[in-house]
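The values are calculated or read from the model by the stated rules, or taken from the named source; none is laboratory data. Remember, predicted model here, so these are calculated numbers, not experimental data. Here the Cβ positions follow ideal geometry from the backbone for every residue, glycine too, while neighbour counts run over all protein chains shown. SASA here: full protein model, heavy atoms, side chains in, ligands and nucleic acids out. Shrake-Rupley method; radii C 1.70, N 1.55, O 1.52, S 1.80 Å.
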There are 2 protein chains.
Amino acid sequence: METEFLAWLRDHLPAHPCLRLGPGDDTALIDLGGKPDCLVTVDMITDQVDFHLDQSDPRLIGRKALAVNLSDIAAMAGRPLAAVIALALPRNRALELATELYLGMLPLAERHNVAIAGGDTNCWDGPLAVSVTLLGTVTERGPLRRSGARPGDWLLATGSFGGSILGRHFEFEPRIEEALLLNERYELHAGMDVSDGLSLDVSRMAEASGCGAMLRLETVPISPAAKTLARLRGDGVSSLDHALSDGEDFELILAASPDEARRMLRERPLGVPLSVVGEFVADAGLWQSLADGSRQPLSPRGWVH
Amino acid sequence: METEFLAWLRDHLPAHPCLRLGPGDDTALIDLGGKPDCLVTVDMITDQVDFHLDQSDPRLIGRKALAVNLSDIAAMAGRPLAAVIALALPRNRALELATELYLGMLPLAERHNVAIAGGDTNCWDGPLAVSVTLLGTVTERGPLRRSGARPGDWLLATGSFGGSILGRHFEFEPRIEEALLLNERYELHAGMDVSDGLSLDVSRMAEASGCGAMLRLETVPISPAAKTLARLRGDGVSSLDHALSDGEDFELILAASPDEARRMLRERPLGVPLSVVGEFVADAGLWQSLADGSRQPLSPRGWVH
């Protein structure tokens, strides 16, 4: 339904001189009338969709609510600055939940130097919903958009993929520092974070860039959790399938020229792995490379809202 | 519970150099590293608390979700600029609801020159929750805080009070233009918007200012809706009681010196009524004036979250 609704929004939201970037990228970019421009993003996480309150530590839920927004700021290679929090709290344990949620957010906020600027705290008869809005600023390099990939660019990814349901969806580290460092030292053409599944998000980045993308499946970094999940479930879904489609990895995918990508791989500037997992191609759509050098279509899979 | 939680927050939220104003006023104020500073506020409205989805036009709900945030920016005498929207939508009618909510917001956004910058749209099995985060900027006069009232200041109010449940809580006009105009032309000491009840919010403004406030009950402007409600209900609650405690009036209350207040009343710069309804006093607490010139305590009443 979100895809349909985004299409409706594109037709109905008027342009505005302050909107340097509106809906469609990982965050919006607002011209406040001075410098720097302001990045803003909102993500709401809800019970039984993004977490199960009856099975989860509320501190992890609070942490996740902030972390998913930090990942969006990372996707723009921005600096996070301040957050406001809106809570819809089940009436029977509202105060306890509110404090636990904040206690889960505060260490992550401190780690990324984010101010908690305020919020709105509501009790109701519904389930828990946590909405975080995060403000940030762009660096002098400007925002890292998802629409700048060019045919011939290499597709890079931080970290590894799949199996986040085993814990990583709560405990991931937003790639703020990695994005800032890469965007400062290298000429990145495009970037976004992987929230809905590697293959789905790669296809979105290609579409936003007006080109296609080809994954080299043998190079996709498969997380230990994806392997564990494939083994535990034993349902024929391979660890690679999990890596391609599970989502909530919150790793970065990036586009850069082959020369620039080679330089990154040589210099290894990050504390986390950085891999080349494919390339961008002129033909629209998502592809996988074959051993004989040809390619075939690959279905984007992941979490469709 | 919100009062308790705000006390907890005050003890647990660390200071941050970017936070010019944190929790405690109508909005936060963020230093983004340039000028002007950024006002940010979030309000979430939820089914069965702030509206009844089964009895209400979703466009009015969308309008209200934006309008309550505009009222917070008005309370700081700021200029609203851009909003992001997070929705938790009941699964069975998600797309229809999302579009109707936006169609309710868009005319009000246009009227106040606010860009809808993006959002997050979620489906779930819970009831409808609508969270709007609004960004704005302060004028060269700076933010109009609620903490600047001084003993001897007169207490002014725009519009009239009470009975908002009969329709005004959906259809009120946020006092953006009025606040900007008054703050530009006159020396205002403090201001806030009345969301929870006139007597309760006046007592909060006095407390934030470190003084007390005395209402002259005979001067409180009672709305036609408050009179209708008192008559319809016939439960002994007077129209004045409604005006003092109903809440969701979203009018401005302001503090200014007697000379400045007299100048406002003489010049009548607004298209809406502006009245003197009391004054600030040195003794803490809320008071009502008596005919013999003395005063007695008045209980703050209103919506306690």
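Relative to the longest principal axis of the Cα atoms of chain A, the long axis of helix A:224-233 makes an angle of roughly 80 degrees. Overall form of the protein assembly as shown: prolate. Here a/c, set by the Cα gyration tensor axes a ≥ b ≥ c, is 1.5 or more, and a/b is the larger of a/b and b/c. When a/c reaches 1.5 or more, the comparison of a/b and b/c decides; with that in mind, is segment A:141-202 rounded, prolate or oblate per its Cα gyration tensor? The shape class here is oblate.
Between identical copies, the spacing of A:VAL237 label points, each set 7 Å from Cα toward the C-beta atom, reads 5.2 nm from nearest to farthest. Ranking A:LEU128, A:ALA74, A:SER299 by how far each Cα lies toward the positive end of the dipole of chain A (charges on Cβ) leaves A:ALA74 at the top. Which positions within segment B:1-32 get 40 Å² or more of their accessible surface covered by the other protein chains, compared to the chain by itself, with a 1.4 angstrom probe? Flagged in segment B:1-32: B:MET1, B:GLU2, B:PHE5, B:TRP8, B:LEU13, B:HIS16, B:LEU32.
Between this copy and the others, label points of B:HIS52 are 3.5 nm apart in ascending order, each placed 7 angstrom from Cα in the Cβ direction. Summary value for segment A:171-305: 40 percent relative contact order, contacts being C-alpha pairs under 8 angstrom separated by 6+ residues. Placing unit charges on the Cβ atoms only, positive for Lys and Arg and negative for Asp and Glu, gives segment B:192-305 a dipole magnitude near 320 debye about its Cα centre. Only protein heavy atoms count here, probed at 1.4 Å, and on that basis chains A and B bury about 5200 Å² of accessible area in total.
In nanometres and ascending order, the distances from the B:MET1 label point to those of the other copies are 2.5 (point 7 Å from Cα along Cα→Cβ). Seen against the Cα atoms of chain B and their longest principal axis, helix B:2-12 is set at about 90 degrees. Surface composition of segment A:42-133: carbon plus sulfur atoms hold 43% of the accessible area, using a 1.4 angstrom probe and ignoring ligands, DNA and RNA. Each Lys and Arg adds +1 at its Cβ and each Asp and Glu adds -1 at its Cβ; summed about the Cα centre, the protein assembly as shown shows a dipole of about 680 debye.
Rolling a 1.4 Å probe across the protein heavy atoms gives chain B an accessible surface of 39 Å² per residue.
Helical content of the protein assembly as shown, expressed as a calculated mean residue ellipticity at 222 nm, amounts to -10000 deg cm²/dmol (DSSP H runs of 4 or more residues, -39,500 (n - 2.57) each, divided by residue number, nearest 500). For helix B:198-208, what angle does its Cα long axis make with the longest principal axis of chain B, in degrees from 0 to 90 and rounded to 10? Between the helix axis and the principal axis of chain B, the angle is about 80 degrees. For chain B, a crude dipole built from +1 on the beta carbon of Lys and Arg and -1 on the beta carbon of Asp and Glu, taken about the Cα centre, is about 500 debye to the nearest 20.
Normalising the average separation of contacting C-alpha pairs (under 8 angstrom, six or more residues apart) by the number of residues puts the relative contact order of chain B at 21 percent.
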